[in-house]
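The values are calculated or read from the model by the stated rules, or taken from the named source; none is laboratory data. All of these numbers come straight from a predicted model, not from anything done at the bench. Note that we place each Cβ from the backbone using ideal geometry, even for glycine, and neighbour counts take in every protein chain shown. Accessible surface is based on the protein model in full, side chains and every heavy atom, while ligands, DNA and RNA are left aside. Shrake-Rupley method; radii C 1.70, N 1.55, O 1.52, S 1.80 Å.
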Amino acid sequence: MTQSTTAANLDLHRQQFPALAHKYYFNFGGQGTMPQTALDRIFETYQLIQQQGPFSVQVNSWIGEQSQKTRAAIASEVGATPETITLTENVTQGCNIPLWGISWQKGDRILLTDCEHPGIIATVQEIARRFEVEVATAPILATLNEGDPVAVFAEHLTPNTRLIVLSHLLWNTGQVLPLADIIKLCQDYNSHKPIQILVDAAQSAGSLPLDLDDLGIDFYAFTGHKWLCGPAGVGGLYISPQARETIDPTFIGWRSITMDATGNPTGWKPNSQQFEVATSAYPLYAGLEAAIATHQAWGNVRDRYQQICQNSYYLWNSLMECDRIHCLKDSPPHSGLVSFTIDGADHKTIVQKLEAEGFLLRTLLHPDCIRACVHYFTSPEEMDSLVSTLYRLTTG
Ligand SMILES: Cc1ncc(COP(=O)(O)O)c(C=O)c1O
């Protein structure tokens, strides 16, 4: 595709996202904008369920088929087989499944990074308290512009380290961690019992190209409502077949088990469905499937990632031209997250002023900065308007 066909094509594609019509949206890392196809599918599905049930043989069979279609759609986005995908509600639930599913022994150690989300840190801290597990933190924030994050992890491994919890794409600085190298480090450290890795994939699923089946990762927890632009309330957890053997379900229900002809439990589902529990808001599954189809109709995940990087480079470059604005990353971003500081400004006030003018961004506390997220369908006009408005607000 030439640049002008890409632009025309993107312009048309953007029209499918109603939230983009009257504002400038830069909060994809918080929540994605749903395409109309997803909104329609959710509404139509709720209606259909009322027409055909709500509880009926027909609806129950639809639920089974839709759940499978949604697992397959997610799997196609993350390079995995549908059997490895557990449907969850969000990233945090997906992280909690392995975190509580491991049979912790007193003296085991969990290695976190200094860039993790508060909800995940809190879960790890509670596990540490209940099971007398040690917690350590690898300081990788400082490797954004220099140094090697793999070396930092290497320095922090100990023989009792059982699990590393890290984000593939850091939510504050936009740094992409070299996951394949970190996996290799853990395998080499103890080849008899490799240290397991749980990935918080809140920012990477739907933005980075992924081949989870080939990567050799244990647990990869994500959500549909951020970069995949699905409804809030549906997420997924990839569990490798080997890692599945190492954890037990904590919450258990009829979706986790097999049953005999009389309805008695006979065992666990022989796949990642073992960690699904019970009744859910099924129409949202249809919504996420439709959102993924909308992205795939525009391009495959690699094309979309390339466009995300093209956009983030454009924004990063424009911001770098403003004297008082400093991007945290001193070289072009490898993701759609562009975080920056403004000399002498209160970032919270700037974000409030931006929102009053229709630009949606967010602040982060650690490090204190403003984060702009660009998706593959973010337009150059949106980015130009953001930069000129920021310029006006900060030089006025
Ligand atoms: C890195 C990271 N982890 C976890 C979360 C929490 O996500 P969820 O509400 O889907 O559990 C977020 C949300 O912004 C995030 O950015």
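Quick notes on this structure:
- Complete set of residues in the stretch 115-149 that are more than 16 Å from the ligand (Cβ to nearest atom) and touching a residue at least 60 places away in the same chain (Cβ under 8 Å): Asn145
- Condition check for Leu112 on (1) assigned to a helix (DSSP H, G or I); (2) in contact (Cβ under 8 Å) with a residue 12 or more places away in the chain: one failure, at (1).
- Residue match in the stretch 39-58 (condition: in contact (Cβ under 8 Å) with a residue 60 or more places away in the chain and under 18 Å from Gly206 (Cα atoms)): no
- Listing of helices (runs of 4 or more DSSP H) fully contained in the stretch 17-103 that carry 2 or more residues being aliphatic (A, V, I, L, M) and within 16 Å of the ligand (Cβ to nearest atom): 57-78, 91-101
- Check on Gly233, on the phi > 0 side of the Ramachandran plot and within 16 Å of the ligand (Cβ to nearest atom): yes
- Only one of the numbered conditions (1) closer than 24 Å to Ile239 by Cβ; (2) away from the ligand (no atom under 13 Å from the Cβ) is not met by Leu177, and that is (2).
- For the stretch 134-156, taking the residues that are of a type in the set (Gly, Ala, Ser) and within 17 Å of Ile120 (Cα to Cα), the one that is nearest to the chain's Cα centre (by Cα) is identified as Ala138.
- Looking across the stretch 91-104 at every residue that is under 14 Å from the mean Cα position of the chain (by Cα) and open to solvent by less than 50 Å² (accessible area, probe 1.4 Å), the one that is farthest from Leu288 (Cα to Cα) is identified as Cys95.
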